[in-house]
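Right, one structure below, let's go through it.
Every read-out reported here was derived from the displayed coordinates using simple, explicitly stated rules and does not represent laboratory data. In this text, all values refer to a predicted model and were calculated from it rather than measured experimentally. No Cβ is skipped: glycine too gets one built from the backbone with ideal geometry, and neighbour counts run over all protein chains shown.
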Amino acid sequence: MAVHAHPDDESSKGAATTARYADEGHQVLVVTLTGGERGSILNPAMDTPGILDRIVEVRREEMAAAARALGVRQTWLGFVDSGLPEGDPPPPLPEDCFALVPLEVSTEALVRVVREFRPHVITTYDENGGYPHPDHIRCHEVSMAAFEAAGDPQRFPDAGEPWTPLKLYYDHGFSMKRLEAFSAEYERLGEPFPLQEWLDRMREYSDNRADKMVRVTTQIECGKYFPQRDDALRAHATQIDPNGAFFAIPIEVQQRLWPTEEFELAKTRVTTALPENDLFAGIEDEHR
């Protein structure tokens, strides 16, 4: 079960991993906590009359197409996008938004899905949300709470038969080391690096902070599924510009230099040896 804040997050974070496990016969469910209603239109080609008027429907159509591209199941938790507050100081969050829903309420909603789907492994975001969007941070909090509560018959007794997931991971995409590996290849070829601005921003943001790779425990070989990941990204046409940064590095270069996706084992109820190359490491075959 991959728990994400908005439609499109599942296609930019751990997407090739979910596609790989689905292709290998595992049951894979993406849980989308909000409808992405307050996301901006980031693809100029989609900034046309009428799109914003039906943005809820559009985001659902995009999500369905992305799930088909990845070969996974998907469900909505039904909360409302909080938006990304901007300004100094930032404006208050909208009253109806996911980030302001009491944690017990959103946790029960996710527990209900966990108990119905019965996952052995859950992936989510770290305590910083991957980046500090209020919905991403809340996604972390809800995922951690549901991981602990789902197997406890005393918690949320009306939310289904208890089920205890065995492992929980944080997704750690967009590492500095990954971008630097691509940058070094372009330097070797004597070509300008198309993501230099992105790399510079990451270096500025990461100043005095350790790179995410120091937290990675688990790397999943999934380069074969990068084309499906990119198809899923393009399915989110209001959010993803097909001429944008996500597609600047040719897939064959990515497959050769960095054919993995990275995760951190944050919680486990089974014994496993680190580092890992399988999210199911330590889980007995009869559980799979």
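What the table below lists for this structure:
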read-out: Helix runs (DSSP H) in the chain reaching 15 Å along axis by Cα, Kyte-Doolittle at least -1.0; value: 55-70, 103-117, 134-149, 176-189
read-out: Distance cut-off 24 Å, percentage of C-alpha pairs in the chain lying past it; value: 52
read-out: Stretchable slack from GLN154 to GLU185, in nm (0.36 nm times residue separation minus alpha-carbon distance); value: 5.7 nm
read-out: Over the stretch 120-207, relative contact order from alpha-carbon pairs under 8 Å, at least 6 apart, %; value: 28
read-out: Counted charge near GLY14, where neighbours are those whose Cβ lies closer than 11 Å (Asp, Glu -1; Lys, Arg +1); value: -2
read-out: Extension gain from VAL214 to ILE251, taking 0.36 nm per residue of separation minus the Cα-Cα distance; value: 10.8 nm
read-out: The chain - percent relative contact order, Cα under 8 Å, separation 6 or more; value: 24
read-out: For the stretch 1-37 and the stretch 104-146, distance of Cα centres in Å; value: 13
read-out: Loop-exposed GluC sites (Glu not before Pro) per DSSP, neighbour cap 11 Cβ within 10 angstrom, longest uninterrupted part of the chain; value: 128-283
read-out: For the chain: lysine pairs under 23 Å (alpha-carbon distance), excluding those fewer than 8 apart on one chain; value: 10
